[in-house]
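Notes follow the structure.
The values are calculated or read from the model by the stated rules, or taken from the named source; none is laboratory data. All values derive from a computational prediction rather than experimental measurement. Because the Cβ atoms are built from the backbone with ideal geometry, glycine has one as well, and the counts that use them run over all protein chains shown.
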Amino acid sequence: MTTTTASTASLASVTLEVADPGATRRFLTAFGVDAYVDVRASEAQSTGFRGFTLALTVSQPATVDGFLAAAVDAGATVLKPGAKSLWGYGGVVQAPDGTLWKVATSAKKDTGPATREIDEMVLLLGVEDVKTTKQFYVDRGLTVARSFGGKYTEFASAGTGTVKLALYKRRALAKDVGVPADGSGSHRIALGSTADSFTDPDGFAWEATTSPTATP
């Protein structure tokens, strides 16, 4: 039986592992997300889908378009241009370092001028078995905020301005952002834990830290 390590465990930081930290920092600043994500150098091998995406939720379509345009101007590649859907409006880009970013809103119409405000940022981990991985995290003290059976789980965040953690089926996540689900090697991401260090069932590594993600 697995023992819970801490009742307040949560995601404290997100660190992208990249070949050129300076270039990635410049991209993150231009994109407008540098306050949420850390960067460090890594030469770890990685091919195909890395198993995660970072998603920004904003207030309206014009703001989505503004973020997508800023990403493209900074060197990102469009995977899915901004478009309406049943749930709202959104698009997907891939940063020069390979990270996949989704920007979306539940609103289908603009109610004012575009802003550069982010309402929420979510780290979506693509996992093989959502229920199993959810229980793994619950056993380590994370609190479930929302859960939809074996399809999706979202955990409570560490506070305003931090990145929220969620689980999604790997193939469904890849399809959502418009890439093949196949991939191997390093995930190229490290997660900061408010409790102990560990690796989850899908190989995502957590490192003990006391420094939460900066508030923008």
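Looking only at the stretch 102-117, count how many residues are surrounded by 15 or more Cβ atoms within 10 Å (Cβ to Cβ) and either charged (D, E, K, R) or under 24 Å from V18 (Cα atoms) (or both). Selection size over the stretch 102-117: 3. Here is the figure for the stretch 197-208: residues that are over 17 Å from L123 (Cα atoms) and part of a strand (DSSP E or B) total 2.
Which one is surrounded by the fewest Cβ atoms within 10 Å (Cβ to Cβ), of the residues in the stretch 148-170 that are of a type outside the set (S, T, Y), touching a residue at least 24 places away in the same chain (Cβ under 8 Å) and farther than 13 Å from L124 by Cβ?
If we filter the stretch 148-170 for residues that are of a type outside the set (S, T, Y), which is where we start, we get 148-151, 154-156, 158-159, 161, 163-167, 169-170.
With the extra rule that they be touching a residue at least 24 places away in the same chain (Cβ under 8 Å), the set shrinks to 154-156, 158-159, 161, 163-167, 169-170.
Now drop any that are not farther than 13 Å from L124 by Cβ, which leaves 156, 158-159, 161.
Numbers: A156: 15, A158: 20, G159: 11, G161: 16.
Checked the stretch 148-170; the qualifying residue surrounded by the fewest Cβ atoms within 10 Å (Cβ to Cβ) is G159.
Each row is one residue, and each column tells you yes or no for (1) more than 17 Å from G178 (Cα to Cα); (2) surrounded by fewer than 16 Cβ atoms within 10 Å (Cβ to Cβ); (3) at pLDDT below 95; (4) of a type outside the set (S, T, N, Q).
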residue: T63; (1), (2), (3), (4): yes, no, no, no
residue: D73; (1), (2), (3), (4): yes, yes, no, yes
residue: T77; (1), (2), (3), (4): no, yes, no, no
residue: G82; (1), (2), (3), (4): no, no, no, yes
residue: L100; (1), (2), (3), (4): no, no, no, yes
residue: L124; (1), (2), (3), (4): no, no, no, yes
residue: E128; (1), (2), (3), (4): yes, yes, no, yes
residue: K131; (1), (2), (3), (4): yes, yes, no, yes
residue: D139; (1), (2), (3), (4): yes, yes, yes, yes
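On the basis of being closer than 25 Å to G48 by Cα, of a type in the set (A, V, I, L, M) and in contact with a Ser or Thr (Cβ under 7 Å, 6 or more places away or on another chain), does L167 make the cut?
On the way: closer than 25 Å to G48 by Cα: yes; of a type in the set (A, V, I, L, M): yes; in contact with a Ser or Thr (Cβ under 7 Å, 6 or more places away or on another chain): yes.
In short, yes.
Which of the strands (runs of 3 or more DSSP E) found entirely inside the stretch 30-88 contain at least 1 residues meeting this: under 23 Å from L165 (Cβ atoms), over 14 Å from the mean Cα position of the chain (by Cα) and among the polar types (S, T, N, Q)? Even if it seems obvious, please write down each step before you answer.
Details: elements: 38-41, 46-48, 52-57, 77-84.
Because the criterion is at least 1 residues that are under 23 Å from L165 (Cβ atoms), over 14 Å from the mean Cα position of the chain (by Cα) and among the polar types (S, T, N, Q), the strands (runs of 3 or more DSSP E) in the stretch 30-88 that meet it are 46-48.
Within this structure, W87 fails the test of being modelled with pLDDT of 95 or more and either buried (at least 21 other Cβ atoms within 10 Å of the Cβ) or farther than 27 Å from A12 by Cβ (or both).
Scanning the stretch 191-207 for residues that are buried (at least 19 other Cβ atoms within 10 Å of the Cβ), of a type in the set (A, V, I, L, M) and closer than 21 Å to A174 by Cβ yields one hit, L191.
Give me the residue from the stretch 23-59 that is among the small types (G, A, S) and touching a Lys or Arg at 6+ places or on another chain (Cβ under 9 Å) and, out of that set, nearest to G75 (Cα to Cα). Talk me through it step by step, then tell me what you get.
Going through the stretch 23-59, the residues among the small types (G, A, S) turn out to be 23, 30, 32, 35, 41-42, 44, 46, 48, 51, 55, 59.
From what's left, touching a Lys or Arg at 6+ places or on another chain (Cβ under 9 Å): 32, 42, 44, 46, 51, 55.
Details: G32: 14, S42: 20, A44: 22, S46: 20, G51: 22, A55: 18 Å.
This residue is G32.
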